[in-house]
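Participant: I have a structure here, written as structure tokens, and I will follow up with some questions on it.
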Amino acid sequence: MRTQAKAFSPASVGNAAVGFDILGHAIAGVGDTVTVRRIDIPTVRITAIRGTTVELPTEAEDNTAGVALIALREALALPFGFEVEIDKGIPLGSGMGGSAASCVAALVAANALLDAPLSAQALYPFALAGEAVASGGRHGDNLGPMLLGGLVLATADWLVRIPVADAWHSLLVHPDAVLETRRARAALQGDYRLGEFVEQSANLALVLAGCHAADAELVRAGLRDVLVEPRRAPLIAGFAPAKQAALAHGAMGASISGAGPSVFAWYETRAAAEAAAPAVQAAFNEAGFDSQAWVSPLACPGAHLLD
């Protein structure tokens, strides 16, 4: 019987501009790695967290990965427990789904140690429980794409992978800055006009229809956040010129990744995304920030076992 497994979960772009808390896509090339061991004691314990200078909770009840595994244990009434080691690869407070990646990688690794492994969809409720520890809410826009890969619509009960053209790629640029999720959510308090919701709903519909039809013009018409971005943009130094640089290089759309401060854009080809990266990074450099950039297919893989 297998007693240890290691899994990798990619980073992700939450919200994808038009789907606040319900739409997101995975990012290749950066993510978290979690090693899980099956132990005889019916408990969950975290023995190490590496790759971050910020102290993260090692008490399982306060950690996203720990809570996800506790929920899994309790739901399945498992007679055994898990010991966990987390290697962070996603910058904290980056808007790249760092808290979600840890709990998804932990679940995928632990799932390999079950006598009867579950489907990715069946793991989703446990991932929601873990994510709620960090964000304060049960939303799956980061979890869905990490579990399934690609672009995913994540509601309270459903994960639906949205088809996208193979040639389409995303650019993600992360400035060397931190924006806490709770602060970014606080910026959304206040009044909204009904017209804003109608326009955002129309944009979401255009993007989903464009993805299903592989129609870049439909996506280009809809990939605009009129609801959340205007309220969060003032929190991100350099955002406006970074977004403009992405659009000037032919992006179908560009916006804030998750809670920020990272910025993402969609392109019709990998070459276009790669050509845009230096300009977007230069915009953040002008604002006083170094940055990192990743280019990946929109249909990139989700979390998977490493051994």
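The values are calculated or read from the model by the stated rules, or taken from the named source; none is laboratory data. Please read all numbers here as calculations on a predicted model, not as lab measurements. In this analysis, Cβ positions are derived from the backbone assuming ideal geometry, glycine residues included, and neighbour counts consider all displayed protein chains.
Participant: Condition first: under 23 Å from the mean Cα position of the chain (by Cα) and either part of a helix (DSSP H, G or I) or without any contact (Cβ under 8 Å) to a residue 60 or more places away in the chain (or both). Now tell me which residues in the stretch 217-235 satisfy that.
Facilitator: The answer is Val219, Arg220, Gly222, Val226, Glu229, Pro230, Arg231, Arg232, Ala233, Pro234, Leu235.
Participant: A further question follows. Within the stretch 52-80, how many residues turn out to be assigned to a loop (DSSP other than H, G, I, E, B), in contact with a strand residue (DSSP E or B) (Cβ under 8 Å, 6 or more places away or on another chain) and modelled with pLDDT of 95 or more?
Facilitator: So the count comes out to 3.
Participant: For the list (1) more than 20 Å from Arg185 (Cβ to Cβ); (2) part of a helix (DSSP H, G or I), I need the number of the one condition that Val30 fails.
Facilitator: Here Val30 meets the rest and fails (2).
Participant: Can you tell which of Ala248, Ala242 is under 22 Å from Ala221 (Cα atoms) and in contact (Cβ under 8 Å) with a residue 40 or more places away in the chain?
Facilitator: The match here is Ala242.
Participant: Determine, yes or no, whether Ala205 is crowded, with 23+ Cβ neighbours inside 10 Å and within 25 Å of Gly97 (Cβ to Cβ).
Facilitator: no
Participant: Across the stretch 15-32, what is the number of residues that are surrounded by fewer than 22 Cβ atoms within 10 Å (Cβ to Cβ) and on the phi > 0 side of the Ramachandran plot?
Facilitator: 2
Participant: Can you tell me which residue in the stretch 52-92 is surrounded by the most Cβ atoms within 10 Å (Cβ to Cβ), limited to those that are among the small types (Gly, Ala, Ser) and in contact with a Gly (Cβ under 6 Å, 6 or more places away or on another chain)?
Facilitator: Out of the qualifying residues, it is Ala68.
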